[in-house]
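Peer 1: This is the structure I want to talk about, given as structure tokens.
Each reported figure results from applying straightforward, stated rules to the coordinates on display, with no laboratory input. Quantities reported herein were computed from a predicted structural model and do not represent experimental measurements. Positions of Cβ are backbone-derived with ideal geometry, glycine not excepted, and every protein chain shown enters the neighbour counts.
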Amino acid sequence: MIEQVKIALTSDVPVNHGKVIPVKGEVIALFNVDGKFYAIDNACPHRGGPLGEGDLEGCVVTCPWHGWNFDVTTGCSHDIPDEKIKTYSCRIEGETVWVEL
Ligand code: FES
């Protein structure tokens, strides 16, 4: 069953940055790409690095541990074509960011 969960305020994540947000037993990486919000699984599929702490360039985040890249809008990896990370639907209502778990 899909559940909508409030995970942040838009002001919690500066433009072109990410944030690690534990919620309901999952850990989500939330990104603000030029004012649009995207949520992916925080754990890098390589060795579990925290993607929400990675550098964001455009819509691509670089894992802070060993540098794998992921497009936060699709979950696809630019470096490792077979790797795809889980994405979550995001919605903004007023100043609140909601995700579907
Ligand atoms: S843990 Fe992310 S690249 Fe290794």
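Peer 1: Please order Cys76, Cys44 by the number of other Cβ within 10 Å, starting at the fewest.
Peer 2: Cys76, Cys44
Peer 1: Bin by bin, in steps of 5 Å, what percent of the Cα pairs in the range 1-51 do you find, going until the bin that has the longest distance?
Peer 2: Distribution as computed: 5, 20, 29, 24, 15, 7, 0 percent.
Peer 1: Moving on to the next point. Averaging sequence separations of C-alpha pairs under 8 Å and six or more residues apart, then dividing by the length of the range 4-100, give the relative contact order as a whole percent.
Peer 2: Relative contact order for the range 4-100 comes out at 27 percent.
Peer 1: Here is a follow-up. Going by Cα centres, the range 62-90 and the range 1-38 are how many Å apart?
Peer 2: The distance from the Cα centre of the range 62-90 to that of the range 1-38 comes to 16 Å.
Peer 1: Note the full-extension length gain between Glu3 and Ser89 as 0.36 nm times their separation in residues minus their Cα-Cα distance, in nm to one decimal.
Peer 2: Result for the pair: 29.9 nm of gain on full extension.
Peer 1: Report the percentage of all Cα-Cα pairs in the range 4-100 whose separation exceeds 21 Å, rounded to a whole percent.
Peer 2: For the range 4-100, the share of Cα pairs beyond 21 Å comes to 22 percent.
Peer 1: Please give the net charge around Asp41, taking every other residue with its beta carbon less than 11 angstrom from that of Asp41, where Lys and Arg add +1 and Asp and Glu add -1.
Peer 2: Taking every Cβ under 11 Å from that of Asp41, the sum is +1.
Peer 1: Exposure proxy check: Val97, Val15, Val72 ranked by fewest other beta carbons within 10 Å?
Peer 2: Result, fewest neighbours first: Val15, Val97, Val72.
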